[in-house]
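Here's the structure we're looking at; comments come further down.
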Amino acid sequence: MTDLIKIAVDAMGGDNSPNKIINGVILNHKSNKNIFYKIFGDKDKINNLIGDKINNEFYEIIHTTDVVKSADSPLEGAKRGKNTSMWLAIDSVKKKEADIVVSAGNTGALLVISKLNLKMIENIDKPALSALWPNKKGMSVVLDLGANIECSSKNLLDFSIMGASLYTSLYPGDKPNVGLLNIGSEELKGNETIKETYQILNDKKSENYNFSGYIEGNHLMDGEVNVIVSDGFTGNVALKTAEGTANFITSELKKAMTGSIIGKISSLLNISNLKKFKKRLDPRLYNGAIFIGLDSPVVKSHGGTDFIGFSNSLDVCYRIVKGNLIEKIKQNI
């Protein structure tokens, strides 16, 4: 039991909690018996949901009825006190009682409470919000997705190192290609900050990643670049655009395949390929953004995901800890 990875779970954050959180834990436990879940939230509700579906040697419930609300501002969330499920979960990582924390709750509050409790990794100025995106060849790490609207060249350099460390933690043995998200691929394109970062990365040789120069938005899914670096404003716009495009494609496909007799026949003939395509675009498979730069890992599950998506965020937690993410960043920075 001492070898189990301990995940601190905020059971009260996000839509339809704690139901989807606990159902996600139950689903995750079915495929991974190497995790101990420290669950923070209303004990009566959680016990009713777990029942006998998980042996009690694999979980512990820390009772609290105080929660950070989704409508809270980041400061309001922090002011709700040290007995909220979110604060207690983060505090357990600070005290080394858990290896990593995950919450589907208020994103701004999660970042503020994490920064209040956890130190930054030495020589890193700002944490970044990173996530996994599918591409033609596999997966990419993208950061920052909204934690920092304005960034210096030093910040973007740190993001490159942290993003490459995250990629190698999740995909051991692969040396990632790092690219800067820009309005063009030519060296002279972009603002002064990104051009300065380009020069630094181009001159800086690293054993941990290859620098691939600039990448434009229409090439994000090509798979040639594994780590895509941006300031938080641009990264968040790219994220929302990608999500909206994926939703548009799947909804239009449904209309096209059910709108006529020919369409229905075609759908029957192509049902297998359509299912594969739909699964590829399923955002639940890529659920689990990471606040990266803090000296303990913090994972943000999408507040609107279901129990399948939350289970996948737990899988991300497991892979981050197994991949020694924090140590990799400290070594590479």
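The values are calculated or read from the model by the stated rules, or taken from the named source; none is laboratory data. These numbers were taken from a predicted model, which means no experiment stands behind them. Ideal geometry is used to build each Cβ from the backbone, glycine not excepted, and the neighbour counts take in all protein chains shown.
Data table
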read-out: Residue under evaluation GLY41, criteria (1) over 21 Å from the mean Cα position of the chain (by Cα); (2) surrounded by fewer than 24 Cβ atoms within 10 Å (Cβ to Cβ); (3) within 23 Å of ASN312 (Cα to Cα), criterion not met; value: (2)
read-out: Test for ASP99: is it among the acidic types (Asp, Glu), under 19 Å from LYS322 (Cα atoms) and surrounded by 21 or more Cβ atoms within 10 Å (Cβ to Cβ); value: yes
read-out: Some residue of the range 269-287 being in contact with a His (Cβ under 7 Å, 6 or more places away or on another chain) and modelled with pLDDT of 90 or more; value: no
read-out: Residues (touching a strand residue (DSSP E or B) at 6+ places or on another chain (Cβ under 6 Å) and among the β-branched types (Val, Ile, Thr)) located in the range 1-52; value: ILE5, ILE7, VAL9, VAL25, ILE35, ILE39, ILE46
read-out: Sole residue being of a type in the set (Phe, Trp, Tyr) and more than 20 Å from the chain's Cα centre (by Cα), chosen from TYR198, TYR171; value: TYR198
read-out: Checklist (1) assigned to a helix (DSSP H, G or I); (2) modelled with pLDDT of 90 or more; (3) of a type outside the set (A, V, I, L, M, F, W, C) applied to LYS240, failing item; value: (2)
read-out: Residue within the range 53-75 that is of a type outside the set (A, V, I, L, M, F, W, C), crowded, with 17+ Cβ neighbours inside 10 Å and within 17 Å of VAL298 (Cβ to Cβ) present; value: yes
read-out: Residue count, the range 215-238 (criterion: of a type outside the set (Val, Ile, Thr) and closer than 16 Å to LEU143 by Cβ); value: 10
read-out: Residue among MET120, MET139 that alone is touching a strand residue (DSSP E or B) at 6+ places or on another chain (Cβ under 8 Å), outside the structural domain of ILE39 (by TED's automatic domain parsing) and farther than 21 Å from THR64 by Cα; value: MET139
read-out: Residue pairs meeting the criteria (Cβ under 9 Å; at least 6 apart or on separate chains; first modelled with pLDDT under 95, in the range 174-186; second loosely packed, with under 13 Cβ neighbours inside 10 Å and of a type in the set (D, E, K, R)); value: LYS175/GLU207
read-out: LYS82 over 20 Å from ASP99 (Cβ atoms), charged (D, E, K, R) and in contact with a His (Cβ under 7 Å, 6 or more places away or on another chain); value: no
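Quick grid of which residues meet (1) touching a strand residue (DSSP E or B) at 6+ places or on another chain (Cβ under 8 Å); (2) at pLDDT 95 or above; (3) on the phi > 0 side of the Ramachandran plot:
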| residue | (1), (2), (3) |
| --- | --- |
| SER70 | no, no, no |
| SER73 | no, no, no |
| TRP87 | no, yes, no |
| VAL93 | yes, yes, no |
| ASP99 | yes, yes, no |
| VAL102 | yes, yes, no |
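Rundown of residues vs (1) in a helix (DSSP H, G or I); (2) touching a strand residue (DSSP E or B) at 6+ places or on another chain (Cβ under 9 Å); (3) farther than 20 Å from ASN32 by Cβ; (4) free of Cβ contacts under 8 Å to residues at least 24 places away in the same chain, yes/no style:
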residue: HIS302; (1), (2), (3), (4): no, yes, yes, no
residue: THR305; (1), (2), (3), (4): no, no, no, no
residue: LEU314; (1), (2), (3), (4): yes, yes, no, no
residue: GLU327; (1), (2), (3), (4): yes, no, yes, yes
